[in-house]
Amino acid sequence: MSRICLHPLAFLAGVLIASLAPVPAAAIPGTPLDLYGRIGWAHDDNLLRIPDGAPAFDGRRSDSWTTFEFGAVLDKPIRRQRLLAVAKLSKVKFDHFRQLDYDGRDLQATWYWELGNRFSGKLGATHAQTPAPYTDFPSDERNLRKGRRSFFEGVWKLHPRWEARTALSRDRFDYELAAQSFNDRTEDVVELEGRYLARSGSTVGLVLRRIDGSYPNRRPFAGGVLTDDFRQEEIKARVDWKAGGSTTLQGLAGYARRSQPSFGAGRTSGANGRVTLLYDPGGKLTGRASVWRDFAPLESPVVSYTLNKGVSLGATWNATGKIRVEADAVHERRDYNPRDGFTGTGSLDDTLRSASLKASWEVRRKLTLSAAWVHQSRSGSPVLGIGDFKANTLAINASVQF
């Protein structure tokens with residue numbers, strides 16, 4: 001489901017390590033519980049995303065860190081219901097910037113419910129604690145971000161070919177650093193959808209959505225304070241089209257109108273959404289491609305949201321039954337909407353690019369080794385005080401299933 005969120009590029013360095021940890025494939029025989037552990041090492045040559053030519057914190061840009069993680073997955077059917085719970089606890093230690101050491105958490109619980117033959121859905125909550133990205137916030141202080149989400153989804157099958165869907169969710173984000181407290185926010189989403197189910201397995205639906213964003217801490221600006229509260233209203237088509245035996249087209253795209261009085265004219269609108277093409281010919285190689293145009297909040301004291309336009313390409317090669325290789329490339333342009341009263345002149349956009357290569361090897365049935373390399377760069381926007389940078393990350397992980 002597309003919604004206002006920070007684009008994955010912003011989390012690239014932090015998410016990389018977690019993404020290499022394989023999700024346990026099966027529960028412990030005879031039980032619904034699965035346990036695993038992971039140890040990882042990583043090195044980044046520009047950990048804090050220092051712009052080119054700018055002085056580095058403590059005279060250095062690079063650092064290495066070690067991650068220890070333990071996780072448990074409970075997947076238990078209860079008659080027609082299903083309970084899925086995930087708990088991941090991690091400890092991360094840096095070699096040089098030791099003030100960044102942190103304990104990470106990722107907790108999830110979802111109840112997949114059914115009521116009779118016509119009603120079904122899910123109810124759940126998540127809680128995560130991870131470092132906020134340094135992409136747009138120059139600092140060498142630890143800045144943990146706590147994210148909490150609660151959600152409900154219900155589907156009413158009106159007919160074998162038609163169904164109605166409603167979804168409610170609340171996301172809350174809190175930041176550790178006082179300087180970033182202006183980014184604390186709550187996002188409430190209400191969604192209604194009518195959907196047609198074709199005999200081929202394809203679906204098409206019309207989605208109405210409203211998103212209300214609330215920022216409790218007012219941001220100081222030009223001798224006063226501003227609110228970053230916003231409302232976004234959307235009407236979109238959701239498509240899952242089985243175009244052929246090997247091709248699937250997925251999309252959620254349409255029109256969005258965003259009202260945020262502290263920015264410019266206070267209202268912007270236009271095309272909004274994401275379209276993804278999946279290609280799976282049934283062999284060892286699969287491909288994927290996406291294009292998007294959406295609004296995203298930005299963790300920066302300069303601006304609070306951007307209009308992002310991007311494209312990504314990726315491929316997965318299942319070399320053998322135990323070796324898997326993935327390659328991805330992302331190009332995204334961010335157009336900034338300046339605050340009311342902004343007097344600067346010059347380009348109000350920049351570009352983020354990334355490329356990654358990941359490989360995993362199932363050494364034994366319960367032991368997996370993985371490695372990844374990620375390159376990230378930003379062109380910057382001098383008028384907004386956002387510099388250009390380049391960064392490379394190398395990560396190696398070993399995970400075991402108990």
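Restricting attention to segment 298-350, the residues that are at pLDDT below 95, of a type in the set (S, T, Y) and not in a loop (DSSP other than H, G, I, E, B) total 3. Screening E176, E193 for residues that are out of contact with any Phe, Trp or Tyr (no Cβ under 8 Å at 6 or more places or on another chain), under 21 Å from H127 (Cβ atoms) and surrounded by 15 or more Cβ atoms within 10 Å (Cβ to Cβ) leaves exactly one candidate, E176.
Restricting segment 46-76 to residues that are over 26 Å from the mean Cα position of the chain (by Cα) and among the charged types (D, E, K, R), which is nearest to N397 (Cα to Cα)? Applying the filter and picking the extreme gives R60.
For A128, the test of being under 30 Å from A391 (Cβ atoms), among the aliphatic types (A, V, I, L, M) and modelled with pLDDT under 95 is failed. Please tell me if G104 is in contact with a helix residue (DSSP H, G or I) (Cβ under 9 Å, 6 or more places away or on another chain), crowded, with 16+ Cβ neighbours inside 10 Å and either without any contact (Cβ under 8 Å) to a residue 40 or more places away in the chain or part of a strand (DSSP E or B) (or both). Judged against the criteria, G104 is a match.
Counting the residues of segment 180-198 that are in contact (Cβ under 8 Å) with a residue 40 or more places away in the chain and more than 23 Å from F151 (Cβ to Cβ) gives 2. In segment 266-297, the residue that is modelled with the lowest pLDDT out of those that are small (G, A, S) and not in a strand (DSSP E or B) is G266.
The values are calculated or read from the model by the stated rules, or taken from the named source; none is laboratory data. Quantities reported herein were computed from a predicted structural model and do not represent experimental measurements. Quick reminder, even Gly has a Cβ in these numbers, built from the backbone with ideal geometry, and neighbours come from all protein chains shown.
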